[in-house]
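J.: Attaching a single structure in structure tokens format; questions to follow.
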Amino acid sequence: MKTGHEPAKLDRKLVALRVAADNAEGRLDDSELNALLALLTRAGERLGLGVDLTVVALAGATGSGKSSLFNGLVGADLAEVGVRRPTTSSARACVWGSADGSPLLDWLQVPHRHHVNDAALDGLVLLDLPDHDSTELEHRVEVDRLIELVDLFVWVVDPQKYADAALHDGYLRPLATHAPVSLMVLNQVDLLSPEERRRCLSDLARLVEADGMKKLPVVATSARTGEGLDELRSAIHDRVEQRRAVTDRLSADAHQMGLRLSRFCGGDPGKGIDRGERRDLTTALADAAGVHVVTEAVAKSHRRDAALATGWPVTRWLRKLRPDPLKRLHLGPQAAGPTSLRAAGAVERAQVESSIRHVTKRETADLPDPWPTAAHDRVARHTGAILGELDAAVSRTEIGGGDRPLWWRVAGAIQLLLIVAAVVGFLWLALLFGLEWLQIPKPPTPDVADRIPVPTLLLVGGLLAGFVLGAVFALFARVGAARRRRRAYKRLFEEVDGVAAERVIRPLEQELQAYRDFCEAVAQAQAQ
């Protein structure tokens, strides 16, 4: 990672993390989201205090001599130094230069303050932290709190405890991305021989590199003799003079957060729902909405109306006794309000949930947790609303009625003529029977082919022809009913498809886009 970060780069990282936070809300665990929001809040507050002052923290274990180093850098005995350990119970601060530093120290919540009118280190705010391995819990809590806030770390170790796991596992390894804002100090080197010093410095550099902090500067000092203090003071001076420690620290925080969040990325969200998947989804929702029941009612209603218009008049009245299938469902041209389809129950709900689960699982199969679960929950939590909208879609769709076919009128007229002929034939025969019963001479009765009397032909022919034509017209009506059923299914399918698009496909695509935006933002936060 580069040691210098321009403010514009930091701004881009923070904007990216804000985008990541917006897309993580309601999807990632609260712990992850809270850590991200805390970083953004902390960054805003720190930048609001300006970058002219650089907060440098001396951090170390009990007995490492960091308080003695603090006094040596300050040139006065400000920090308590004693045999009994731990000595430092709360952080102490010293501010160099003309700046007061009170707003910054108030934000840091450091009560013990000292001011040095020394322009050589103008802008330095040096903190002496409590021991990070203190037996007192409040000391360790204070260290961890300030480690989150300071701009530059100076890790002070001694020859006896430089390999302590509390330092390497608890701080250096988790802060591996913060090497550009870190210094390592091996104190008490006056207690070592030249060979021991060389070996100790080499081993410390190896351990630090193993922690992930490559090329981390290591300064050898002795607070007792003053050895190395000028070198340490110079190293701190260089960092303070550049006025980049604030942005470098926050940029490292952003990079670290990007690494932390990157485990939620890495899968391919796919290219979206294709036409086949959408048709399968709509078909499943159509089944749950009872579309097949409705289209069957459309066909039956068409056949009923056709029978009333073209059927055999002798039995046509029986059709009137049967209710219109569409009206029974509260469907049709004059229908209003919800349908009377069977209320959606466990079976229909299971159908909808199963279709949603299938689509979301297919589209999020390659995504890491928690994105598949978040996508499914986003869509499935509105299952009840989906079922209600499906019923509304069926209710508002024009599926039946309309102008009657012209052939129905022609067929009805033919049936009327045939029934009139049958009635005429019946009355004619009745008249002949009455004349014969009264022994009144009958007029001559015409016949057809010298065999079939015309009255008999009218009666039998009218009834038989009406019956046969009624059966033929019923076949025609079935063809028309099938055509109307297909047309109704197409219209209903389009309405259901609209519900699928609004309630399933669009929310799912929004979740996939949120994943893409989140991962793109996380990548930007890690950019060098």
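The values are calculated or read from the model by the stated rules, or taken from the named source; none is laboratory data. Since the model is a prediction, treat every value here as computed from it, not as a measurement. Every residue, glycine as well, gets a Cβ built from its backbone with ideal geometry; the counts of neighbours run over all protein chains shown. Remember, those area values only see protein heavy atoms, side chains included, never the ligands or the DNA or RNA. Shrake-Rupley method; radii C 1.70, N 1.55, O 1.52, S 1.80 Å.
J.: Could you tell me whether the range 374-455 comes out rounded, prolate or oblate from its Cα gyration tensor? Rule is a ≥ b ≥ c as square roots of the eigenvalues, rounded for a/c under 1.5, then prolate if a/b exceeds b/c, otherwise oblate. Numbers along the way, then the final one.
T.: Numbers: a/c = 6.88, a/b = 4.85, b/c = 1.42.
Here the range 374-455 falls in the prolate category.
J.: Gain in length, Asp100 to Val293, computed as 0.36 nm per residue apart minus the alpha-carbon separation, to one decimal in nm? Let's see the in-between values first.
T.: Values: separation 193, 0.36 × 193 = 69.48 nm, distance 8.11 nm.
Separation in residues times 0.36 nm, less the Cα-Cα distance, equals 61.4 nm.
J.: His114's amide H: which non-local residues (gap 5+, or another chain) put their own amide H closer than 5 Å, with H modeled 1.01 Å from N in plane and none for Pro or chain starts?
T.: Ala93, Cys94, Val95
J.: Moving on. Could you size up the charge dipole of the range 389-528 around its Cα centre, putting +1 on the beta carbon of Lys and Arg and -1 on that of Asp and Glu, and report it in debye to the nearest 20? The partial results should precede the final answer.
T.: Working: 16 positive and 15 negative charges, 123 e Å.
The dipole of the range 389-528 has a size of about 600 debye.
J.: How much accessible area per residue does the range 207-261 have, in Å², with a 1.4 Å probe? Display every interim value, and only then the final one.
T.: Details: 2450 Å² over 55 residues.
Using a 1.4 Å probe on heavy atoms only, each residue of the range 207-261 averages 45 Å².
J.: Express in Å², to the nearest 10, the accessible area of Asp118 obtained by rolling a 1.4 Å probe over the protein heavy atoms while all chains stay in place.
T.: Approximately 60 Å² for this residue.
J.: Let me ask another. Classify the range 162-317 from the C-alpha gyration tensor, please: rounded if a/c falls under 1.5, else prolate or oblate depending on whether a/b exceeds b/c. Write out the running numbers ahead of the final one.
T.: Details: a/c = 8.04, a/b = 5.26, b/c = 1.53.
Prolate, because a/c is 1.5 or more and a/b exceeds b/c.
J.: For the chain, with the dipole built from +1 on Lys and Arg beta-carbon atoms and -1 on Asp and Glu ones, taken about the Cα centre, which of Val218, Ser262, Leu429 lies farthest toward the positive end?
T.: Leu429
J.: Ok, one more. Quick check: from the Cα gyration tensor, does the range 7-135 come out rounded (a/c under 1.5), prolate or oblate?
T.: On the way: a/c = 3.20, a/b = 1.63, b/c = 1.96.
Here the range 7-135 falls in the oblate category.
J.: Given the C-alpha centroids of the range 452-471 and the range 116-151, what is the distance between them in whole angstrom?
T.: 113
J.: When the dipole is taken about the Cα centre of the range 174-253, and only Lys, Arg (+1) and Asp, Glu (-1) are charged at their Cβ, what size is it in debye, to the nearest 20?
T.: On the way: 12 positive and 13 negative charges, 35 e Å.
Dipole of the range 174-253, to the nearest 20 debye: 160 debye.
J.: Something else now. With all protein chains present and a 1.4 Å probe, how do Ser102, Ser251 order by accessible area, largest first? Provide the component values of the computation, followed by the final result.
T.: Working: Ser102 35, Ser251 0 Å².
If we order Ser102, Ser251 from most to least accessible, we get Ser102, Ser251.
J.: So, R0 is 45 Å and r is the distance between the beta-carbons of Asp30 and Asp190; what FRET efficiency does that work out to, to 0.05? Provide the component values of the computation, followed by the final result.
T.: Working: r = 50 Å, r/R0 = 1.12.
Given R0 = 45 Å and the Cβ-Cβ separation, E is 0.35.
J.: Compare Arg322, Arg483, Arg409 by solvent-accessible area with a 1.4 Å probe and give them largest first, with all protein chains kept in place.
T.: Arg409, Arg322, Arg483
J.: Share of the range 358-426's accessible area from carbon and sulfur, percent, 1.4 Å?
T.: On the way: 2200 of 3680 Å².
Answer for the range 358-426: carbon and sulfur cover 60 percent of the accessible area.
J.: Tell me which label goes with the value of P(r) over Cα pairs in 20 Å bins from 0, in percent computed from the coordinates here: (i) 18, 46, 29, 6, 0; (ii) 17, 28, 17, 15, 11, 7, 4, 1; (iii) 15, 39, 37, 9, 0.
T.: Derived directly from the coordinates: (ii).
J.: Which of Pro446, Gly498, Phe476 sits closest to the plus end of the dipole of the range 426-528, meaning its Cα is farthest towards the positive end, when Lys and Arg get +1 and Asp and Glu get -1 on the C-beta?
T.: Selected residue: Pro446.
J.: State the Kirkwood hydrodynamic radius of the range 446-528 in Å, one decimal place, computed from all pairs of distinct Cα atoms. Provide the component values of the computation, followed by the final result.
T.: Working: mean 1/r = 0.0514 Å⁻¹.
Roughly 19.5 Å, rounded to one decimal.
J.: Under 8 Å for C-alpha pairs, at least 6 residues apart: give me the relative contact order for the chain, rounded to a whole percent. Walk me through the numbers on the way to the answer.
T.: Details: 768 pairs, mean separation 98.4, N = 528.
It comes to 19 percent, rounded to a whole number.
J.: Just for the chain, what percent of DSSP beta bridges are antiparallel, to the closest 5? Provide the component values of the computation, followed by the final result.
T.: Values: 7 of 30 bridges.
Beta bridges within the chain, antiparallel portion: roughly 25 percent.
J.: I've got another one for you. Want the number for Arg404 to Ser354: 0.36 nm per residue separation, take away the alpha-carbon distance, what's left? Show your work: numbers first, answer last.
T.: On the way: separation 50, 0.36 × 50 = 18.00 nm, distance 4.08 nm.
Going from the current span to full extension adds 13.9 nm.
J.: Here's a follow-up. Between Thr225 and Val460, with labels modelled 7 Å along Cα→Cβ, what's the label distance in nm to one decimal, could you check?
T.: According to this spin-label approximation, the distance is 14.1 nm.
J.: Right, next: Magnitude of the Cβ-charge dipole of the chain, K/R +1 and D/E -1, about the Cα centre, nearest 20 debye? The partial results should precede the final answer.
T.: Working: 67 positive and 69 negative charges, 918 e Å.
Here the chain has a charge dipole of around 4400 debye.
J.: What spacing in nm lies between the two simple spin-label points modelled at Asp517 and Asp268, each 7 Å away from Cα in the Cβ direction?
T.: Reported label-point gap for Asp517 and Asp268 is 2.4 nm.
J.: Here's something else I'd like to know. Please give the contour-minus-distance gain from Glu241 to His115: 0.36 nm per residue of separation, less the Cα-Cα distance, rounded to one decimal in nm. Numbers along the way, then the final one.
T.: Numbers: separation 126, 0.36 × 126 = 45.36 nm, distance 1.81 nm.
So the extension gain works out to 43.5 nm.
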